[in-house]
1. Check whether at least one residue in the range 1-17 is modelled with pLDDT of 70 or more and outside any helix (DSSP H, G or I), and report yes or no.
2. Kindly list the number of the only condition in (1) hydroxyl-bearing (Ser, Thr, Tyr); (2) free of Cβ contacts under 8 Å to residues at least 60 places away in the same chain; (3) in a strand (DSSP E or B) that fails for Thr185.
3. Among the β-branched types (Val, Ile, Thr) and within 13 Å of Gln63 (Cα to Cα): which single residue out of Ile235, Ile194 fits that description?
4. Within the range 190-203, can one find any residue that is within 15 Å of the chain's Cα centre (by Cα) and assigned to a strand (DSSP E or B)?
5. Just wondering, is there one or more residues in the range 113-131 that are under 13 Å from the mean Cα position of the chain (by Cα), open to solvent by 10 Å² or more (accessible area, probe 1.4 Å), closer than 25 Å to Val34 by Cα and small (Gly, Ala, Ser)?
6. Quick one: in the range 209-248, which of the residues that are polar (S, T, N, Q) and without any contact (Cβ under 8 Å) to a residue 40 or more places away in the chain is surrounded by the fewest Cβ atoms within 10 Å (Cβ to Cβ)?
7. Return yes when Gly169 is small (Gly, Ala, Ser) and under 22 Å from Ile116 (Cα atoms) and no when it is not.
8. Can Gly181 be described as within 18 Å of Phe83 (Cβ to Cβ), among the small types (Gly, Ala, Ser) and in contact with a strand residue (DSSP E or B) (Cβ under 6 Å, 6 or more places away or on another chain)?
Amino acid sequence: MLIVRFCFKACCYLLVLLLAGLWLKPHASFTHNVVDTIPWQTDPVLLKTVSSKSNIQKLEHGQFALDYVTTLNGISPRQLIWFIQNQAQYTATVNNTDWQWFQLSHPSAHSALTVIDSPDTKSDRLVPGTTFEELELLEQTQWRMQLRVKSFGEQGMTFDVLHAGYRVGQLNYVFYPVGTGTKVTFNAELGLSIPLIGEISNFYLFKKVMPEHLLEAWLLHNLETYQHMEKLIPILYQQRSHERFLIS
């Protein structure tokens, strides 16, 4: 029993030292790329209605549960998953400039989506096992999130949230075909649920990595992205047999 207690205390001590080092380490920055002109905008009235269906809850050990429900009108689950799977590897031309599909799905905030590791060595498609990084701008703050695809299909998708190579959360999306398009239900848990270690880790995560005060802005940002996709996906899907994609 004494050995177990000693090992537990030693692990906690080492964890505290590790987090202290990470805390003092400067947050990695990136150059934000903005699509300067796009032929559509988000609808603030609709966004206010949809955002009322989102929720954030802080849990026992400092982790967060998040959820929302929204509908993409005129978009089928097949079209949605086709877009999401290809948003890293394909570009579309706007005013003689090529932009990654990911950038076009939120022109003012999405900076880049980069595949870090994938079982598909011939493309940048998002498939189960793919690890990728999203760079975004939230309320003038740089937001960096690393994800690993756990499951992917027309019924929905699940991503593990990673930090320093460790799983620190999970994002779950379920897609339902409805008369007007696709209903999306989202739920996530960010942070660790382990007593003591989780509380220490979550303090660091939600101060330095995914700042707590930006979680509501991140949910709103996701809802805005769906509005952009409502306009973007039909344009791209009509050109799916083309070698190049054009937005005019």
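1. In the first step, residues of the range 1-17 are kept if they are modelled with pLDDT of 70 or more; the result is none.
Scanning the range 1-17, I find no residue that is modelled with pLDDT of 70 or more and outside any helix (DSSP H, G or I), so the answer is no.
2. Going through the list (1) hydroxyl-bearing (Ser, Thr, Tyr); (2) free of Cβ contacts under 8 Å to residues at least 60 places away in the same chain; (3) in a strand (DSSP E or B), Thr185 breaks only (2).
3. Details: Ile235 fails: within 13 Å of Gln63 (Cα to Cα).
Within the list Ile235, Ile194, the selection yields Ile194.
4. So far as the range 190-203 goes, yes, one or more of its residues are within 15 Å of the chain's Cα centre (by Cα) and assigned to a strand (DSSP E or B).
5. Checking the range 113-131: not a single residue is under 13 Å from the mean Cα position of the chain (by Cα), open to solvent by 10 Å² or more (accessible area, probe 1.4 Å), closer than 25 Å to Val34 by Cα and small (Gly, Ala, Ser).
6. Our first condition is that a residue be polar (S, T, N, Q); within the range 209-248, this holds for 222, 225, 227, 238-239, 241, 248.
So of that shortlist, the ones also without any contact (Cβ under 8 Å) to a residue 40 or more places away in the chain come out as 238-239, 241.
Numbers: Gln238: 10, Gln239: 13, Ser241: 5.
Among those residues, the one meeting the criterion is Ser241.
7. Numbers: small (Gly, Ala, Ser): yes; under 22 Å from Ile116 (Cα atoms): yes.
The answer is yes for Gly169.
8. On the way: within 18 Å of Phe83 (Cβ to Cβ): yes; among the small types (Gly, Ala, Ser): yes; in contact with a strand residue (DSSP E or B) (Cβ under 6 Å, 6 or more places away or on another chain): yes.
Yes, satisfied.
The values are calculated or read from the model by the stated rules, or taken from the named source; none is laboratory data. All values reported here derive from a predicted model rather than from experimental measurement. Every residue, glycine as well, gets a Cβ built from its backbone with ideal geometry; the counts of neighbours run over all protein chains shown. These accessible areas exclude ligands, DNA and RNA; they are computed on the full protein's heavy atoms, side chains included. Shrake-Rupley method; radii C 1.70, N 1.55, O 1.52, S 1.80 Å.
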